[in-house]
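Asks: Have a look at this one.
Values in this text are rule-based calculations from the coordinates and carry no lab data. Computed from a predicted model, the values in this text were never measured in an experiment. Cβ atoms come from the backbone with ideal geometry, glycine included; neighbour counts cover every protein chain shown.
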Amino acid sequence: MDRHHDLASANLAAPSIAGAGDALSDVLRTVKLSGALFFLVEASSPWGVDIPPASEFAAILFPRARHIVSYHVVVDGSGWASVGGQPAVRFAPGDVIVFPHGDSYTMLSEPGGAPALPREQALGFFRAMAAGELPFIVPEGGGGPERAQFVCGFLGCDTRPFNPLLATLPRLMQVRRLGAAQGDMLDRLIALTLAEAEGRRPGGECMRAGLGELMFLEVVRRYIAGLPAHDTGWLAGLRDPAVGRALALIHARPAHPWTLETLAAESGLSRSALAERFARLVGYPAMQYLARWRIQVAARLLADGAAKVGAVGREVGYASEAAFSRSFKKLAGMSPADWRDRGS
């Protein structure tokens with residue numbers, strides 16, 4: 001694996017704390033993960049695309065999204081993917097290639113090849129695809145004998161003020177299938193996606209968007225499962241029984257007056273052991289993580305409606321509007337009122 005690697009204001013306690021995966025679900029809800037667009041590329045050699053930074057086409061595909069994640073599910077054939085001048089990575093059938101950080105990237109039939117679809121043409125392609133002017137199956141390349149087939153998908157989400165999932169993912173994320181297991185979840189999702197796209201039935205847009213989100217979630221699950229035992233980061237924290245429990249508690253009840261002592265008692269560790277393990281794996285001390293997550297939840301509540309600043313602050317655990325406003329501005333770079341107005 002390449003290592004370059006509806007939350008309502010009255011329902012903050014909605015996620016279960018049965019397992020660490022609940023924190024992952026909570027993050028995906030709170031950062032407004034949503035499917036945008038996908039299509040199937042049928043490529044013939046030589047082929048290649050040069051995709052500009054997501055900031056250049058985000059408004060085309062997903063006008064209200066603040067960030068775009070690109071992913072590619074390889075159905076057949078092979079090729080090479082690279083990002084930001086890093087060495088190209090070879091992909092094969094069953095692989096999923098994800099570019100989580102909105103970087104420019106290339107996908108080519110051969111490393112070092114010239115892209116048949118340069119950046120300026122890629123933007124025109126995105127405009128036509130988003131407008132429904134192109135078919136679901138897109139031919140690409142020079143008509144040679146070597147073929148590749150892959151689903152290209154795009155997801156919108158928020159990155160600010162705090163998205164711990166994206167922060168821990170590499171610039172290029174490659175996930176491989178674990179053999180050809182019968183009933184493989186990702187295979188079934190891909191098959192449903194292709195069938196839904198080709199059928200063009202009523203409600204298809206919502207169905208395709210939801211399938212895109214499910215595919216991304218399954219890829220993240222597999223990425224977690226494949227992390228080395230010594231790995232660090234938020235996802236490694238989810239996988240750790242004690243730290244994962246502490247994260248699940250924080251996400252289940254962000255407004256609760258947690259202390260390191262109460263989190264440690266609930267997680268089955270001593271105060272010092274949890275402090276060391278949480279900071280080493282997650283990258284933040286537990287209390288700092290709690291403060292950041294409270295601000296992320298508040299940002300979602302503010303962007304979702306016209307709630308008063310003081311009410312949102314109390315909803316996420318602040319006793320005073322002034323303290324909430326100071327903390328929010330420190331992390332988000334603007335006042336809560338300005339954030340709410342920007343999102344409305």
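Asks: Mind listing P(r) for segment 300-344? All alpha-carbon pairs, 5 Å bins, whole percents.
Replies: So the P(r) values, bin by bin, are 5, 27, 36, 26, 6, 0.
Asks: Would you calculate the volume per residue, in Å³, of the smallest convex hull containing every Cα atom of segment 234-343?
Replies: 95
Asks: Would you list Trp234, Trp258, Trp47 from fewest to most Cβ contacts within 10 Å?
Replies: Trp258, Trp234, Trp47
Asks: How much of the calculated P(r) for the chain lies past 27 Å, in percent of all Cα pairs?
Replies: Result: 49 percent of Cα pairs exceed 27 Å.
Asks: Just from its helices, what would the mean residue ellipticity at 222 nm be for the chain, if runs of 4 or more DSSP H residues each count -39500 (n - 2.57) and the sum is divided by every residue, rounded to the nearest 500 deg cm²/dmol? Walk me through the numbers before you get to the answer.
Replies: Values: 14 runs with 152 residues, N = 344.
Result for the chain, helices only: -13500 deg cm²/dmol.
Asks: Straight-line reach from Lys32: which lysines have Cα under 18 Å away, leaving out those fewer than 8 places along the same chain?
Replies: Once the sequence-local lysines are set aside, nothing remains near Lys32.
Asks: Let me know the shape class of segment 33-225, please: from the alpha-carbon gyration tensor, a ≥ b ≥ c as square roots of the eigenvalues, rounded when a/c is under 1.5, otherwise prolate if a/b is greater than b/c, or oblate.
Replies: rounded
Asks: Mind giving me the nanometre distance, one decimal, between the label points for Ala191 and Arg221, set 7 Å out from Cα along Cα→Cβ?
Replies: 1.6
Asks: What does the charge dipole of segment 234-343 about its Cα centre add up to, to the nearest 20 debye, if the Cβ of each Lys and Arg holds +1 and the Cβ of each Asp and Glu holds -1? Each step should come with its number before you reach the end.
Replies: Numbers: 16 positive and 9 negative charges, 29 e Å.
Charge dipole, segment 234-343, about its Cα centre: 140 debye, nearest 20.
Asks: While we're here: Taking the Cα centre of segment 33-225 as the origin and placing charges on Cβ (Lys, Arg +1; Asp, Glu -1), which of Val220, Phe154, Gly132 is farthest toward the positive end of the dipole?
Replies: Most positive-ward Cα: Val220.
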